[in-house]
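Notes for the one structure printed next.
We did not get these values from a lab; they are worked out from the coordinates using the rules stated. Please read all numbers here as calculations on a predicted model, not as lab measurements. For neighbour counting, all protein chains shown are included, and Cβ atoms are generated from backbone atoms with ideal geometry for every residue, glycine included.
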Amino acid sequence: MAISFTVTARDPGGRARAGTITTERGEIRTPAFLPVGTAATVKGVWPSQLEEMGYECVLSNTYHLYLRPGHERIFRLGGIHRFMGWNRLVLTDSGGYQVFSLSSLRTVSDEEVTFRSHIDGSRHVLSPELAVGIQEALGSDIRMVLDECVEYPAGRKEVEEAVRRTAAWAHRSLAVSRREEGGLFGIVQGGMSPDLRRRSVEEICALPFPGFAIGGVSVGEGKELQRETVDYTAPLLPAEKPRYLMGVGTPEDILFAVSRGVDLFDCVLPTRNARNGMLFTSTGPMSIRQARYADDSRPPDEACDCATCRIFSRAYLRHLHLQNEILSSMALTTHNLHYYKRWMERIREAISVGNFGSIVKESPGSRGE
């Protein structure tokens, strides 16, 4: 079954939209945030908890699963859904971002990327065809092409080469993709240059992908430049297909991108921040390790109905975190993911009733206790 996308509501005063991505396994109601399950697990929570929160799709990482435990093993064990005990959708990235972040351990040619494993230094070769093959063996529902992601800052010639190579690899990926088994999304590159972004959009969006991603952001460019790039690029992508902003971000970053017409997001922030004692709350970010919470009997977020806020006090959560207790990561991750899910639901509802502007005015921003 081919992936389809239906826009169900639009913000009458802007570009924000609500919709539904339909796949053979199920649906994703957009705008949607995808928790990151790098190694086929979202750190700190059970798959059943994610289902109870209402998440419809998680992201897993092709690079990490290829190296360990191996895509062929996961295939023999029944595919990624059975392997991780998750019955809803899985989106896998191509591994390109991780490979290209190994700047001292990889070499790039038009044919492939050669890299050394961060685990044991073993040599590996990743081609566009292999990236598709790994994801098909995993059995993910939405898959990403291999692209060349450059860091910021990068010279114009380097970015031009990445745009050219990304387009060539997109053609090769489509040529080997079994599209009836899972949707393969194209990825737009171009660094922070509007003309190169436009060139990449024209080349990638001319191909019959069921969805398109904005890649090459959140690579060190800073928030202002990131937003300028999203603001310019998102409207260039086909309006009838889902738009995915990779690796972004904070609740405020997501809100901004939604206002520019983006539909899908993923980021490690809610889970990584939780492990470091940082909470997202209705009044802004909170560092639970601060001494002022040592005797605070209130829940971390008095406006939240997650299990963590119903059961635990700030004082107890601070104690757990300072003791490096496993329950600290579990409880804080539960809250942060619940917060993100409710944030996305509120955005979607506001768009659906024509009141998106109220959410923009209410954005928690960076204020905190």
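Which lysines have a Cα lying under 21 Å from the Cα of K43, excluding residues fewer than 8 positions away in the same chain?
Partners within reach: K341.
For every helix of n ≥ 4 consecutive DSSP H residues, a contribution of -39,500 (n - 2.57) applies; sum these over the chain, divide by its total residues, and give [θ] at 222 nm rounded to the nearest 500 deg cm²/dmol. List each step's numbers first, then the result.
Working: 15 runs with 148 residues, N = 369.
The per-residue figure over the chain is -11500 deg cm²/dmol.
Starting from the amide H of L34, placed 1.01 Å from N in the peptide plane, find each other amide H under 5 Å away whose residue is 5 or more places distant or on another chain.
F265, D266, C267
Evaluate the charge dipole of the range 274-335 about its Cα centre and quote only its size in Debye, nearest 20, assuming +1 on the Cβ of each Lys and Arg and -1 on the Cβ of each Asp and Glu. Don't skip to the end; give the middle numbers.
Working: 7 positive and 6 negative charges, 31 e Å.
Its charge dipole is roughly 160 debye.
Using the charge dipole of the range 221-331 (Lys, Arg: +1 at Cβ; Asp, Glu: -1 at Cβ; taken about the Cα centre), state which of G247, V230, L269 has its Cα farthest towards the positive end.
Positive-most Cα among the choices belongs to L269.
Would you calculate the separation in nanometres between label points at S122 and E349, each defined as 7 Å from the Cα along the Cα-to-beta-carbon direction?
Label-label distance for S122 and E349, simple model: 4.9 nm.
Using θ = phi - 60° and the Karplus relation 6.51 cos²θ - 1.76 cosθ + 1.60, list the HN-Hα couplings for the range 55-62 in order, rounded to whole Hz, with x at every Gly or Pro.
Using θ = phi - 60°, the values come out as 5, 10, 7, 10, 9, 10, 10, 4 Hz.
When only DSSP loop residues count, what GluC sites (Glu not before Pro) in the range 1-91 have their Cβ near at most 14 other Cβ atoms within 10 Å? Show your work: numbers first, answer last.
Details: sites: E24, E27, E51, E52, E56, E72; in loops: E24, E56.
Loop-located and lightly packed - E24.
What dipole magnitude, in Debye to the nearest 20, does the chain give about its Cα centre under +1 on Lys/Arg Cβ and -1 on Asp/Glu Cβ?
On the way: 44 positive and 45 negative charges, 88 e Å.
The calculation lands at about 420 debye.
Rounded, prolate or oblate: pick one for the range 274-335, where a ≥ b ≥ c are the square roots of the eigenvalues of its C-alpha gyration tensor, a/c under 1.5 means rounded, and failing that, prolate if a/b is larger than b/c, else oblate. Mind dumping the intermediate values first?
Numbers: a/c = 1.36, a/b = 1.18, b/c = 1.15.
Rounded is the answer for the range 274-335, as its axis ratio a/c remains below 1.5.
DSSP loop (so not H, G, I, E, B), at most 11 other Cβ within 10 Å: list which chymotrypsin sites (Phe, Trp or Tyr not before Pro) in the range 42-132 pass both filters. Kindly include the intermediate steps, with their values, before the conclusion.
Working: sites: Y55, Y63, Y66, F75, F83, W86, Y97, F100, F115; in loops: Y55, W86.
Taking the range 42-132 and a limit of 11 other Cβ atoms within 10 Å, no loop chymotrypsin sites (Phe, Trp or Tyr not before Pro) are found.
Under the 0.36 nm per residue contour assumption, what length would be gained going from the current alpha-carbon distance of T20 and E302 to full extension?
On the way: separation 282, 0.36 × 282 = 101.52 nm, distance 3.15 nm.
Here the answer is 98.4 nm.
Amide H to amide H, which residues 5 or more places from G19 or on other chains are under 5 Å from it, using H placed in the peptide plane?
Here the answer is T8, T30, since their amide H atoms fall under 5 Å of that of G19.
Can you work out the FRET efficiency for the pair S313 and K361, with r the C-beta to C-beta distance and R0 = 22 Å, to the nearest 0.05?
Working: r = 31 Å, r/R0 = 1.42.
It comes to 0.10.
Aspartates and glutamates near K361 by alpha-carbon distance under 16 Å, same-chain residues fewer than 8 away left out - which ones?
Cα-Cα hits under 16 Å: D11, E252, D253, E349.
Find how much the distance from L327 to E224 grows on full extension, using 0.36 nm per residue of separation minus their present alpha carbon separation; answer in nm with one decimal. All intermediate terms of the calculation are to be shown ahead of the outcome.
On the way: separation 103, 0.36 × 103 = 37.08 nm, distance 3.63 nm.
Gain on stretching L327 to E224: 33.4 nm.
Could you give the length gained on full extension between D195 and R82, defined as 0.36 nm per residue of separation minus the Cα-Cα distance, in nm? Please report the intermediate quantities before stating the final value.
Working: separation 113, 0.36 × 113 = 40.68 nm, distance 4.37 nm.
Value of the extension gain: 36.3 nm.
Would you kindly enumerate the cysteines in the chain that have no other Cys beta-carbon under 4.7 Å from their beta-carbon?
Lone cysteines by the Cβ rule: C57, C149, C205, C267, C306.
Picking from Q98, P47, C57, whose Cα lies most toward the positive end of the charge dipole for the range 38-121 (charges on Cβ: Lys, Arg +1; Asp, Glu -1)?
P47
Among 249-256, 281-288, how do they line up by average Cβ neighbours within 10 Å per residue, starting with the highest? Don't skip to the answer; put the middle values down first.
Details: 249-256: 20.4, 281-288: 17.2.
Most protected by this proxy first, the peptides run 249-256, 281-288.
L184's amide H: which non-local residues (gap 5+, or another chain) put their own amide H closer than 5 Å, with H modeled 1.01 Å from N in plane and none for Pro or chain starts?
R143
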